[in-house]
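All remarks here apply to the structure that follows.
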Amino acid sequence: MQPIIFNFFGPLPWQLFLASLLAWLGIIIFLYLLFTLVIGRLVARSASTLDDALFGSLTRPLAVLVGIYGIRQSTLAFGTAYIWLQWLDRTLSITFVLALTYTVAHVFLDVFLYNARRRAAQSDSAALQLLLPVLGRIGTPLIYILGLVAALGNLGIDLSGVWVALGGGAFVLAFALQNILGDFFSGMVLLVDTPFRPGDVIFLQDMQLTAVINNIGVRVTQLYNIHNHNDIYIPNSTMAKAVLHNLNRPSALHAIELAFATERTEDPKKIIEILRDVANGHPDVIGKVEEKIASLDRFEGLRPAGEQPGSYSKRVVARVRLKAEYQLNLALLAMHEQLRGLSSTVSRVMASGHLTASGRAELRTECEKLMGEIGYTVTGERRIVTSPEAMQHGLLQPILHQITRQENPRTLINRTRAWVEVLQADPDLFPEDLAMVAAPWGFKYDWFETHLGKMFGMVAKSSGMEKRLADLADEMRTYLATKYKSTEPGWIAPQVRVTMFNDTFVAYRLRYYVDNLRLEHWRRTQRIEGEINQEVFRRFDAARVALPKAMFMVGSQRGDSLGEVSKMVQPG
């Protein structure tokens, strides 16, 4: 490869060296100004944080790399006739390789992995969340090893013998460490086709163990035993073969079943009504808001107000929470209807196959109204969006402004915030639960902003994609019902059924759902179960319900296998 040498001072070696050095200095200054003044401004307008981090991480290292490369090219003006010039050339080559290796490792660790972790936290991809820690452990050392090999190659060292020796050693090690390698490849299988992610609660059927996934390592999986408060390390090969229940999937909602029995003489309708009313009256059980508000005051045994000033009882917080949820549900139902109306409007104005100016104005008005009710307005400015989806609609996307509660407390997002704030005021929560309650909603608001920006971008200008507006409206309606918040619990509401009966007793099973099993250090379900059992006993006693002589409650069966399977025992 011909060296890049400038000769505007003269043909002598030292003149070529100085000219090349000054020319490369000018190139560095030009590139630095181009980066900071032109590319930097474009990056600042972009919605993505990835290009900001990449720009900040590469500006100075690129200047250093170009500088080293320029010095090496300039020294080639003297040729390689002397041994010291040959060693100087090799030294500069090695310096360039090492600097490039450091830059790549820095970008990989501080830009790629950092942004990938943020994206993984917002996505449902468990494989991505589990692969990233492994990439973080082996990626950086691998980059440095490859850089070192390239540097040794620049020194003229023949590495073929080293590769042969490593190949033979690898065969011997593979035979000696076959069990460890089995755990390693099992770990890779778990990472690619994973049934869980860190933070998930699982039940291992063979071990009868309920634990939380802390980390999937190269050889072992680290679990946290929530009952005994200790860490458990299980080889990946064992985890890959285990039969397990993931209690976090499909959601953090948690099904519980409790079994009760009364004497045969008791009216089943009365018993079913008592059990259903108890479940509906507990604040942390999922149910229809109207029924829960009516049942709340009849439920006793909830946590009273603390001694600290400004503390509230569980009942007071629950009443405010249910009212906030009721208002939020009304807003969600109205949003569903408005999205259906938007889809109908798109079909109507596009019936002729093309969009007229009046049709575009009508769609824009409906989109702006929808955005306002969700909690966003268009600022009039635009920003560069680099995602492939946004590229379909042009590089510029409108910037949305989030409406504050002072501006309009009735927007969907502000109603959601009010409801989440009351959720965080639950006196049964621990301090570490507060962030867990609030964390998912920031990602949901960001989804709204991105989705609404796409919708408005379609009608703000002629994009040829206006027909897709109905698809985006349907996607948002599905998102509201499945991932944002359900308004009609339906099958999730408390249910009571008669499971068996004989000449002496009737058995009942109460099934209900707890809102989030991860709260209260994974003990929320146990607390709720105890409070419901206590309240059922109180109600039975107040109603003079006759119980079988051999039992009151015959045990519980949790849908997640946390408890022992109950067996209905007939009194002797």
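Every number here is computed from the coordinates shown, using simple stated rules; none is lab data. Predicted, not measured: the structure shown is a model, and the values here were computed from it. Because the Cβ atoms are built from the backbone with ideal geometry, glycine has one as well, and the counts that use them run over all protein chains shown.
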Work out from phi, with θ = phi - 60° and the Karplus expression 6.51 cos²θ - 1.76 cosθ + 1.60, the ³J(HN,Hα) of each residue of the stretch 104-114, listed in order in whole Hz, and give x for Gly and Pro. 4, 5, 5, 5, 4, 7, 8, 10, 5, 5, 4
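Only counting other Cβ atoms within 10 Å, I'd like 366, 300 sorted with the fewest neighbours first.
By the 10 Å Cβ count, ascending: 300, 366.
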Quick one: net charge of residue 294's neighbours, Cβ under 12 Å, K/R +1, D/E -1? +1
Separation between Cα centres of the stretch 508-547 and the stretch 464-494, rounded to whole Å: 33 Å
Residue exposure sequence - 291, 488 - by fewest surrounding Cβ within 10 Å: 488, 291
Two-site label geometry, residue 467 and residue 138: point separation in nm, points 7 Å out along Cα→Cβ: 4.7 nm
Can you tell me which lysines have their Cα less than 20 Å from the Cα of residue 292? Leave out same-chain residues fewer than eight positions away. 269, 270, 314, 323, 485
Can you put 299, 8, 540 in order of Cβ neighbours within 10 angstrom, beginning with the fewest? 8, 540, 299
Quick check: Cα centre of the stretch 206-268 to Cα centre of the stretch 312-344, how many Å? 33 Å
